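The values are calculated or read from the model by the stated rules, or taken from the named source; none is laboratory data. These numbers come from a predicted model, not from an experiment. Ideal geometry is used to build each Cβ from the backbone, glycine not excepted, and the neighbour counts take in all protein chains shown.
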Amino acid sequence: MATQSTGGTVMSAPMTSLSAAQPTKTGAAPLHISNAAVEPLSEQVLRVEELTVSFDGFKAVDALSLSVERNELRVIIGPNGAGKTTLLDMICGKTKPTTGRVLFNGLDLTRMSEHQIVRAGVGRKFQTPSVYEDLTVFENFEISLPKMHGLFQSLTFRRTPEVRERIDTMAGEVYLRDQLGRRAGQLSHGQKQWLEIGMLLMQEPELLLLDEPVAGMSPREREQTGDLLSRIAQGKSVVVIEHDMDFVKRIAHKVTVLHQGKLLSEGSATEVQSDRRVIDVYLGH
Ligand SMILES: Nc1ncnc2c1ncn2[C@@H]1O[C@H](COP(=O)(O)OP(=O)(O)OP(=O)(O)O)[C@@H](O)[C@H]1O
Ligand SMILES: [Mg+2]
């Protein structure tokens with residue numbers, strides 16, 4: 001895949017791979033294989049090392065280490081209060097760890113601001129959708145284009161056919177092509193979640209962090225979101241926090257189980273589901 005730093009080509013390359021992956025699984029396959037040919041399959045994108053954060057002496061995340069590879073869709077599960085959201089907060093720079101490091105392509109994110117982390121290629125979606133309700137779906141996509149940031153860019157920004165096409169492709173990708181003219185406030189909860197995922201994708205993150213993206217979605221919407229996340233993970237890395245084990249089994253390449261801020265278990269969905277410790281503290285309840 002092209003690197004983040006080469007400008008125009010980068011903007012369209014991952015979009016192409018996403019849309020090419022859309023029609024059929026067979027259609028996506030050659031593209032995926034050609035990606036794999038230029039990148040080693042075991043490339044580590046994210047590495048969390050001995051990460052700890054204390055809030056007044058309480059360790060919400062406690063000496064946690066894990067790593068996520070390119071093209072990987074990792075799901076994080078665990079009981080309420082296990083530290084899942086806090087982990088994502090530390091990866092995206094919202095919370096600074098007490099000790100430990102977060103390496104993203106070799107960069108130590110714990111030394112960077114939230115803004116720098118976004119620019120380095122990490123996209124974060126919080127639990128509640130945050131879209132601009134008064135703007136149309138099209139406009140929401142438009143303002144999330146990286147080109148719109150900065151005074152110079154916004155002054156010179158035009159709705160070029162290229163921009164329209166890019167938005168149209170993304171809208172199709174997140175199942176909103178026939179909603180482009182609607183105000184975002186009129187979308188269903190699930191559609192707002194998709195819009196926010198699409199807005200994040202407009203910025204071409206290399207790592208996408210999603211906190212319970214299917215909460216409140218209908219079964220059909222969950223299924224579509226599962227397909228979407230699987231497509232996104234082709235070429236990127238995706239970390240998803242989720243409680244619904246049926247959904248987890250459907251999408252996860254690997255599952256990390258947290259409990260009281262620590263790593264309790266890690267493996268395939270089937271492996272962690274049959275892990276006695278996981279059943280005892282989480283799945284058995
Ligand atoms: N800023 C903070 N100050 C104090 N305590 C905090 C802070 N943020 C999180 N915590 C505590 O850290 C623990 C982990 O919280 P976190 O939100 O990460 O859990 P979670 O695994 O995401 O849970 P859930 O499944 O309910 O979303 C909780 O006990 C929470 O109360
Ligand atoms: Mg949480």
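Laid out as a table, the results:
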read-out: Number of positions in region 83-134 that are under 13 Å from Glu49 (Cα atoms), among the aliphatic types (A, V, I, L, M) and within 16 Å of ligand 1 (Cβ to nearest atom); value: 4
read-out: Within region 216-271, considering residues that are on the phi > 0 side of the Ramachandran plot and buried (at least 17 other Cβ atoms within 10 Å of the Cβ), the one farthest from ligand 2 (Cβ to nearest atom); value: Gly235
read-out: Number of positions in region 48-61 that are modelled with pLDDT of 95 or more and more than 23 Å from the chain's Cα centre (by Cα); value: 4
read-out: When residues of region 206-240 are limited to those that are outside any loop (DSSP other than H, G, I, E, B) and within 16 Å of ligand 1 (Cβ to nearest atom), the one nearest to Val122 (Cα to Cα); value: Leu209
read-out: Answer from Lys84, Lys94 - the residue that is basic (Lys, Arg) and surrounded by fewer than 23 Cβ atoms within 10 Å (Cβ to Cβ); value: Lys94
read-out: Unmet requirement for Ile197, which otherwise passes all of (1) within 16 Å of ligand 2 (Cβ to nearest atom); (2) among the aliphatic types (A, V, I, L, M); (3) crowded, with 21+ Cβ neighbours inside 10 Å; (4) not in a loop (DSSP other than H, G, I, E, B); value: (1)
read-out: Conditions (1) under 27 Å from Ile76 (Cα atoms); (2) touching a Lys or Arg at 6+ places or on another chain (Cβ under 9 Å); number of the one not met by Leu229; value: (2)
read-out: Tally of residues being in a helix (DSSP H, G or I) and either at pLDDT 95 or above or crowded, with 21+ Cβ neighbours inside 10 Å (or both) across region 160-176; value: 7
read-out: Any hit, region 123-143, residues being more than 23 Å from Ala184 (Cβ to Cβ), in a loop (DSSP other than H, G, I, E, B) and at pLDDT 95 or above; value: no
read-out: Close pairs (8 angstrom Cβ cut-off, 6 or more residues apart or separate chains): of a type in the set (Ser, Thr, Tyr) in region 122-143, in a loop (DSSP other than H, G, I, E, B) anywhere; value: Thr136/Leu180; Thr136/Gly181; Thr136/Arg182
read-out: Scope region 170-200; condition of a type in the set (A, V, I, L, M) and either farther than 12 Å from Val131 by Cβ or more than 18 Å from the chain's Cα centre (by Cα) (or both); matching residues; value: Met170, Ala171, Leu176, Leu180, Ala184, Leu187
read-out: Residue in region 75-84 that is part of a loop (DSSP other than H, G, I, E, B) and either more than 16 Å from ligand 2 (Cβ to nearest atom) or of a type in the set (D, E, K, R) (or both) present; value: no
read-out: Count of residues meeting criterion [surrounded by fewer than 22 Cβ atoms within 10 Å (Cβ to Cβ), in a helix (DSSP H, G or I) and touching a helix residue (DSSP H, G or I) at 6+ places or on another chain (Cβ under 6 Å)] in region 97-122; value: 0
